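Just so you know, all these numbers are worked out from the coordinates, no wet-lab data involved. Since the model is a prediction, treat every value here as computed from it, not as a measurement. Using ideal geometry, Cβ is built from the backbone for each residue, glycine included, and neighbour counts are taken over all protein chains shown.
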Ligand SMILES: Cc1cc2nc3c(=O)[nH]c(=O)nc-3n(C[C@H](O)[C@H](O)[C@H](O)COP(=O)(O)OP(=O)(O)OC[C@H]3O[C@@H](n4cnc5c(N)ncnc54)[C@H](O)[C@@H]3O)c2cc1C
């Protein structure tokens, strides 16, 4: 659908003068099919997503967001909400309808004495981290610097600081939100507390966040790095890793990866193309303590490469950027694992050995620590006791290869189901209602559904990992 005629969801045409009236009423730029930048503007990070919105509004301020919500609701337009545009499911763009884009809203105020940051929703983690780093402060954020703070925070937020300081949503103090009826509210423990409960894990279901207020922590420098091993001994290595991470201090967050080594300046050429295991680690606290804690990883299984050092936190935070360029074809499947049992490890290593694309990686992120100390009932985010999150990150370039890579990813994820307990909502693709429910405990899903009925009874915000409004009488 590339024409400029705009249809409501009931098939009625929206008159051109109504569209032009809307465009003239907002401060931000409205992009439509045929405009020079439309092609770039309709794209998101995942190259698999190929949708043609009728309009894209790059909001300049909260008033634009309110006007966009009112306009889409009144004219029965499907609405998508985009901040960083990273979500693999691609819900940040719609076919037809209006994309409400917040990526130009990038203000940030830091109160260093109180260790608080108020950040506009259009910031990426790279931008946020650079700003807070000026004060030697940080909060848990995503591993790739171009990821948006908005989508990540609303789903939970797992990252290098989580075992010490909790998830991103555990550090959220309040938000400003535009709800489906166009109201602009504050949600915090004190104001609209039910909504605040749902926003911490419930994703984009309840409205559009215009700004987030976070608690910050001292984390100017971290001791961090990675170690690379040949993949031959993967099962033994993963067993060792399981036992090792069960004993490490909370300051140490680690991640175990299956990957193919691609040309990179820090790697000797002889390793290019080799199937490998990498363990990445980040220690927050005293560097000597950190070195001691990660020593077993460096002494065992004859690593073929590696580096470790004290560095500014934002530098380590962007170390994965080269692994995650925009535009590649991506298909992900993820599960939480309560434990890494021997049969589970055998299944993981068997499938990982058959990886079908050299760009694909399998990420095992160790959780626990401060994450599992927050009471499960505190907020919508669920499965706090998970031992780790496993994400099969399939990537490739050639569309003709899609069937092969998707089939491998599905088979791998299917084989993990007997070991899995739930899923992290932010790693879900377009996988249907059952998988959205799997992101929450049944009680919490029911609570979220009641909250959705209260704040968005018509399911205006439906392009997301959708929680259906509870039906009357339930
Ligand atoms: C390369 C890569 C690395 C990642 N690394 C991590 C990681 O380290 N840790 C982690 O926890 N997750 C990670 N993720 C997952 C990430 O948390 C989600 O993809 C998240 O949705 C990205 O946020 P975004 O603002 O960029 O998303 P977008 O694609 O812009 O939005 C995704 C959805 O979030 C909602 N949304 C976005 N903005 C708003 C808003 N302002 N108000 C209300 N709802 C909104 C909408 O429902 C939208 O469909 C990663 C993803 C990628 C692609």
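If you fit an axis through the alpha-carbon atoms of helix 402-416 and take the longest principal axis of the Cα set of the chain, what angle between them do you get, 0 to 90°, nearest 10?
So the helix axis and the longest Cα principal axis differ by about 70 degrees.
In whole Å, largest first, what are the principal axis extents of the Cα atoms in the chain?
Extents along the principal axes, in whole Å: 69, 54, 47.
Run lengths n ≥ 4 of DSSP H only: what is the helix-derived mean residue ellipticity at 222 nm for the chain, with -39500 (n - 2.57) per run over all residues, to the nearest 500?
-8000 deg cm²/dmol
Can you put 48, 417 in order of Cβ neighbours within 10 angstrom, beginning with the fewest?
The most exposed by this proxy come first: 417, 48.
Would you compute the Debye intensity of the range 102-145 from its alpha-carbon atoms alone, equal scatterers and no solvent, and pass along log10 I(q)/I(0) at q = 0.31, 0.32 Å⁻¹ to two decimals?
-1.21, -1.25
For the range 275-323, what is one quarter of the convex hull surface built on the Cα atoms, given in nm²?
Over every viewing direction, the Cα hull of the range 275-323 projects on average to 4.1 nm².
Can you work out D for the range 1-106 in µm² s⁻¹ from Stokes-Einstein, where Rh is the Kirkwood radius over C-alpha pairs, the temperature is 37 °C and the viscosity is 0.692 mPa s?
241
Quick one: pull the percentage of alpha-carbon pairs in the range 221-427 with a separation above 26 Å.
In whole percent, the share of Cα-Cα pairs in the range 221-427 beyond 26 Å is 35.
Quick one: divide the alpha-carbon radius of gyration of the range 190-269 by 2.2 N^0.38 Å and tell me what you get. Intermediate results must be reported in sequence, preceding the final value.
Details: Rg = 20.1 Å, N = 80, 2.2 N^0.38 = 11.6 Å.
Against the compact-globule rule of thumb, the ratio is 1.73.
So for 388, 94, 282, fewest C-beta neighbours within 10 Å to most, what's the order?
Starting with the residue having the fewest Cβ neighbours, the order is 388, 94, 282.
Which log10 I(q)/I(0) values, to two decimals, does the range 108-218 give at q = 0.24 Å⁻¹ under the Debye formula with one point per Cα?
Per q value, in the given order, log10 I(q)/I(0) is -1.43.
Based on alpha-carbon positions alone, could you give the equivalent ellipsoid semi-axes of the range 79-158 from the gyration tensor, as √(5λ), descending, whole Å?
Values: eigenvalues 131, 32, 17 Å².
Each semi-axis is the square root of five times an eigenvalue, giving 26, 13, 9 Å.
Within the P(r) computed for the range 322-439, what percentage of the Cα pairs occupies the region above 21 Å?
40
Give the whole-number value, in cubic angstrom per residue, of the convex hull volume spanned by the C-alpha atoms of the range 46-114.
109
At a 10 Å Cβ-Cβ cut-off, how would you order 289, 434, 189, fewest neighbours first?
434, 189, 289
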